[in-house]
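The values are calculated or read from the model by the stated rules, or taken from the named source; none is laboratory data. Quantities reported herein were computed from a predicted structural model and do not represent experimental measurements. All Cβ positions, even for glycine, are placed from backbone atoms using ideal geometry, and neighbour counts span all protein chains on display.
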Amino acid sequence: MKNNLLTILALTATLAANAQTVNTVKSPDGRLAVNLRCENSRISYSASYDGKTVLENSPLGLFTDVADFTQGLGVDGFKTDTLNFSYNCRTLKRSHVDVKATHAVWSINRNGVPAFDLVFMVKDNDIAFRYEMRRQPAKTKGDSTFCAVVKDDNTHFNMPDGTTTFLSAQMKGGTGWSRTAPSYEHPYFTDRPTGDNAGGAGFVFPCLFKTPNG
């Protein structure tokens, strides 16, 4: 009986560790949705518009000189509110901007210690997010963890199969007219398959993608 009880407890602990947490945030008009998942101690997100997939499940997290913030993760809390404000900026294409968005914050822990907040702003046609890092315990006396150097970014944007691109390839440095490359203006390639890196040096902004669902 004791052995059976221990087996049940072990199974329960395993299931809890692998449990999936899903929270959904929607834009003010309800058409754009972001889902955040915590599964197998890793954080990921996806997005849809009118129920059609825009981003497939994509990993989140950062590798820093303080710790690996891509695994051993859990969700401590989740809250949302509504943003509604305006601002003016003479240097933008539109001088007056009205902002209406759903603001969401996920508090993420690493091995039980507060690690970072994921802050999302979901508008009717836009998604923006950032990492707000928490100070970590010092590993040894005298260590400073007031800052963290990001060694690698695990943030992914996984497009659905069949997505095509409208991109301008970045020119290799020291090439082009008077060796001024990389420069902004360069021929655009339309309806190229996602993952086709023309030139091998990446791309310049803006980067546009067309999903199979439109």
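Annotations
- Selection within the stretch 50-69: residues that are buried (at least 18 other Cβ atoms within 10 Å of the Cβ) and in contact with a Leu (Cβ under 9 Å, 6 or more places away or on another chain). The member of this set that is farthest from Ser107 (Cα to Cα) is Val54.
- For Thr175, the conditions (1) over 17 Å from Asn57 (Cα atoms); (2) without any contact (Cβ under 8 Å) to a residue 60 or more places away in the chain; (3) in the same structural domain as Leu73 (by TED's automatic domain parsing) are fulfilled apart from (3).
- Residue satisfying condition, being within 29 Å of Gln136 (Cβ to Cβ), assigned by TED's automatic domain parsing to the domain that holds Ser44 and surrounded by fewer than 10 Cβ atoms within 10 Å (Cβ to Cβ), within set Gly74, Gly112: Gly112
To keep it simple, each residue is scored yes or no on (1) among the aliphatic types (A, V, I, L, M); (2) surrounded by 11 or more Cβ atoms within 10 Å (Cβ to Cβ); (3) modelled with pLDDT of 80 or more; (4) under 19 Å from the mean Cα position of the chain (by Cα).
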residue: Cys147; (1), (2), (3), (4): no, no, yes, no
residue: Phe157; (1), (2), (3), (4): no, yes, yes, yes
residue: Thr164; (1), (2), (3), (4): no, yes, yes, no
residue: Arg179; (1), (2), (3), (4): no, no, yes, no
residue: Gly195; (1), (2), (3), (4): no, no, no, yes
residue: Ala198; (1), (2), (3), (4): yes, yes, no, no
residue: Ala201; (1), (2), (3), (4): yes, yes, no, no
residue: Thr211; (1), (2), (3), (4): no, yes, yes, yes
residue: Gly214; (1), (2), (3), (4): no, no, no, no
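- Close pairs (8 angstrom Cβ cut-off, 6 or more residues apart or separate chains): over 11 Å from Leu62 (Cα atoms) in the stretch 149-160, among the charged types (D, E, K, R) and part of a strand (DSSP E or B) anywhere: Asn158/Glu56; Met159/Glu56; Pro160/Glu56
- Residues of the stretch 115-143 classified as farther than 24 Å from Gly30 by Cα and loosely packed, with under 15 Cβ neighbours inside 10 Å, total: 9
- Flag if Thr12 is more than 17 Å from the chain's Cα centre (by Cα), modelled with pLDDT under 95 and surrounded by 10 or more Cβ atoms within 10 Å (Cβ to Cβ): yes
- Within the stretch 65-99, tally of residues that are more than 16 Å from Asp126 (Cα to Cα), over 16 Å from the mean Cα position of the chain (by Cα) and β-branched (Val, Ile, Thr): 3
- Search result, residues across the stretch 181-193 that are modelled with pLDDT under 80 and among the hydroxyl-bearing types (Ser, Thr, Tyr): Ser183, Tyr184, Tyr188
- Scanning the stretch 155-194 for residues that are within 26 Å of Phe120 (Cα to Cα) and outside any strand (DSSP E or B) yields Thr155, His156, Phe157, Asn158, Met159, Pro160, Asp161, Thr163, Thr194.
- The residue that is modelled with the lowest pLDDT, counting only those in the stretch 15-41 that are over 17 Å from Gly72 (Cα atoms) and of a type in the set (Ser, Thr, Tyr), is Thr24.
- Where Ser86 falls short, out of the listed (1) surrounded by 14 or more Cβ atoms within 10 Å (Cβ to Cβ); (2) modelled with pLDDT of 95 or more: (1)
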